[in-house]
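What follows is one structure encoded as C-alpha cells, with my remarks underneath.
The values are calculated or read from the model by the stated rules, or taken from the named source; none is laboratory data. Being a predicted model, the structure only gives us computed values, none of them experimental. When we count neighbours, we look across all protein chains shown, and the Cβ atoms used for this are built from the backbone with ideal geometry, even at glycine. These accessible areas exclude ligands, DNA and RNA; they are computed on the full protein's heavy atoms, side chains included. Shrake-Rupley method; radii C 1.70, N 1.55, O 1.52, S 1.80 Å.
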Amino acid sequence: MAENFFTGRTHRTKVGCSLSDVIELLSGVVQGSGLGPLMFVIYINELTGVLERLNITVKLFANDVKLYVHILDDLDIQRLQLAVDALCCWADKWQLSVSVNKCCVLNISKAAVKTDIYINGACLPAVESARDLGVLVTKDMSSQLHVKMLFPELISMQLRFYVLLYLEM
C-alpha cells in the first residue's frame, strides 16, 4: 500500500489554458492527500537529528526551518555555519531547494555580533527584524514594530466593520 503512495506518481502543471507535459515525480510528498502531512513529518524529521547533533536548536513549521544558537564566541558562529551547511547538504540529498532569498540572520541581542553566514557562497543578510508565522520578531524582542505594522490594518478592518454595519441597517 505505502509503495503505491510513493511510486508511479506523475505531475502536470496548468497555467491559464496551457498544460505542461506529464512528468514522473522522483521525490517529495503528495500534497492534498490524507497521508501527506504525516509523510512530510517523517520525511523532514531526519533534518532535526542532523542539526541537533551540532547542538543547534531547530524549530520546524511546515516547510520553514529556524536555527537557533547561543553565540558566545567565534566557535559558536562556526557551529552555526556548519549547521547551515548540513541543512543545505540534506536538502541537496533529498532534491529540495533552499530559498536563499528568504533566509536571513537575526541577532536577538543588545550587543552587536558580526555573524556572516553563507549559503552557496551568498552571505545571508543580517536584519533588524523578521516575520515568523505572522509575528514580526525584532532583535530586542520588542512588540512595538509588530503592533505599529498591524495598526493600519486594524483601523482598516474597523472601518470596514462600520461600513458593513451601516449598509445592513
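Observations on the structure shown:
- Residues of the range 48-94 satisfying the condition of being closer than 19 Å to LEU38 by Cα and open to solvent by 100 Å² or more (accessible area, probe 1.4 Å): LYS59, PHE61, ASN63
- First in the range 108-127 and more than 15 Å from LEU67 (Cα to Cα), second anywhere and of a type in the set (Asp, Glu) and surrounded by 10 or more Cβ atoms within 10 Å (Cβ to Cβ), Cβ under 6 Å, 6 or more apart: CYS123/ASP116
- If you filter the range 95-136 down to residues that are among the polar types (S, T, N, Q) and open to solvent by less than 90 Å² (accessible area, probe 1.4 Å), you find that the one that is farthest from ASN45 (Cα to Cα) is SER109.
- Of the numbered criteria (1) surrounded by 11 or more Cβ atoms within 10 Å (Cβ to Cβ); (2) over 22 Å from ALA86 (Cα atoms); (3) modelled with pLDDT of 85 or more; (4) of a type in the set (Ser, Thr, Tyr), the one SER20 fails is (1).
- Matching entry among ASP76, ASP64 (being at pLDDT below 85, of a type in the set (Asp, Glu) and out of contact with any Pro (no Cβ under 7 Å at 6 or more places or on another chain)): ASP64
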